[in-house]
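Input: a single structure, listed below in structure tokens.
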Amino acid sequence: MKTSLQVAVCRLQVAAAVVALLASVGAVRAEEVFHGVAVAPDGMSAWIATIESTNIYHTGDFGTNWQLQSADVYRDYFDVFFLDDENGWVCGRGGVIWNTTDGGDTWTRQNLAGPKFATRIQFTDANHGWAAGGDAIMLRTTDGGAAWQMSILRNPPYPGDTVDFYGLSFIDSIHGWVAAGRFPTGDTFVGGQGYIVKLTVDSDTLVDVLQRKDTVNDFFDVEFVDTLNGWVVGGNDITMAAAVFHTTDGGASWVEQAVPAGAHLLRAVKFASPTDGWACGRNGTIVHTSDGGADWEQQPTDVDTTLFDIDFADAQRGMASGAGSTVLRTTDGGGTWDRCFSAVAEPSLGTGVGGRGAGVRVLGNPARGDVSFAVRGLATGFRIAIYDASGRLVRVLAGPQSPIPNPYSLSWDGRNEAGQPARTGSYLARLVSGTASGTVRFVLLRQ
């Protein structure tokens, strides 16, 4: 048995931990993996899509302030793409695709299922779009995403158990390219599995032509500026050396371009013009060319984490995103990069219904045992999705359809969907309904 002194010490330790936890609520955010970034043509609006969580972040002032945006989805994202500052799409695990027409204030699901994941999404206009996926599967739409068609590319030469498409570039509604690779799992290094495939839409059929199979490098992204000139990026999964290949004949032949010795395996590429391009990758690598890739130079960053995506509005204004909640921005073409993601404004408690405030709040914070939520201002059915500090979904609570008393109380028993007790820590409750949305953070303490 513990002595009274041991009990007292234990209580003091618990109290100190609780104080530290409470101090962190709203001030410290769990690090996330920012897998996709999109910069609008206006050079001011930008969005980040997270993997291993279900968050979307938006800025309207080029990274000075960020707001959390989220769809009612339980599957994390790989990529985000915006045609302008209003119309955009995200894609992710399980082939999920969501669309917004109001800059991300609201999101509507367009697709679920198909590939095991949709890794990259692009639209050439408001109607024609594509998503590259795992297991050599492509998704295509001709009506803005109202309907998505699935195309499974041939096996062989693209065996579904080894080829995952990561890069995608269409220059119009007919001509495009995809790049494939496979990043090693754990300590297993298998050598290059890089594929470059040309895609052509012929009488509503997606025709594929294998242009290169690499046994040294994996390829993770591709960018074409017209029907002839394009680049693929990736690298050696054993040495982690970066690789860039260039074509001037539509992919009939590919020539490797020299990159700085300090550049590591590349994950994304973006050209703002036929001459100005950037690529990013492991250990904070960003390389730049101003002559179409004849010369690549490494641009300095202060990060040593993987940068998964990069996007530019023009030759001066761009962003790169990566692990560790990392977002870098530049306004001088990459001459200087600075971190611009340090604080996120908490979403408001609601958008308002009929002139009344709508939202959710926690009754008692921190909460011990059961957690009580008060929901107000709603006239239709709703759900409350509870996420832990890492962004993982813990539990979904369903409210009544109608009528809904105002306010309405709903309780969570502190257990996850499997019935297991949730851990002590910081949580986020997200209210989702047909007329309002809102979030609130709280701390759960075990009894």
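The values are calculated or read from the model by the stated rules, or taken from the named source; none is laboratory data. A quick note: this is a predicted structure, and the numbers were derived from the prediction, not measured. We place every Cβ from the backbone using ideal geometry, glycine too, and count neighbours over all the protein chains shown.
Odds and ends about this structure:
This table checks each residue for (1) hydroxyl-bearing (Ser, Thr, Tyr); (2) modelled with pLDDT of 50 or more; (3) in contact with a Leu (Cβ under 8 Å, 6 or more places away or on another chain).
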{"position": "10", "(1), (2), (3)": "no, no, no"}
{"position": "27", "(1), (2), (3)": "no, no, no"}
{"position": "35", "(1), (2), (3)": "no, yes, no"}
{"position": "47", "(1), (2), (3)": "no, yes, no"}
{"position": "51", "(1), (2), (3)": "no, yes, no"}
{"position": "57", "(1), (2), (3)": "yes, yes, yes"}
{"position": "69", "(1), (2), (3)": "no, yes, no"}
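- Meets criteria (free of Cβ contacts under 8 Å to residues at least 60 places away in the same chain and either at negative phi or in contact with a strand residue (DSSP E or B) (Cβ under 6 Å, 6 or more places away or on another chain) (or both)) for residue 323: no
- First in the range 52-70 and touching a residue at least 12 places away in the same chain (Cβ under 8 Å), second anywhere and of a type in the set (A, V, I, L, M, F, W, C) and part of a loop (DSSP other than H, G, I, E, B), Cβ under 6 Å, 6 or more apart: 54/73; 62/44; 63/340
- Candidates are the residues of the range 171-213 that are at pLDDT 90 or above and of a type in the set (Phe, Trp, Tyr); the one that is farthest from residue 251 (Cα to Cα) is 195.
- When restricted to residues that are at pLDDT 85 or above and surrounded by fewer than 17 Cβ atoms within 10 Å (Cβ to Cβ), the range 398-416 contains 4.
Residues checked against (1) in contact (Cβ under 8 Å) with a residue 40 or more places away in the chain; (2) basic (Lys, Arg); (3) assigned by TED's automatic domain parsing to the domain that holds residue 130:
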site	(1), (2), (3)
194	yes, no, yes
202	no, no, yes
206	yes, no, yes
212	yes, yes, yes
215	no, no, yes
232	yes, no, yes
245	yes, no, yes
279	yes, no, yes
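- Scanning the range 86-100 for residues being over 14 Å from residue 123 (Cα atoms) and not in a strand (DSSP E or B) gives a total of 3.
- Among (1) within 24 Å of residue 42 (Cα to Cα); (2) of a type outside the set (A, V, I, L, M); (3) surrounded by fewer than 24 Cβ atoms within 10 Å (Cβ to Cβ) - the single one residue 95 does not satisfy: (1)
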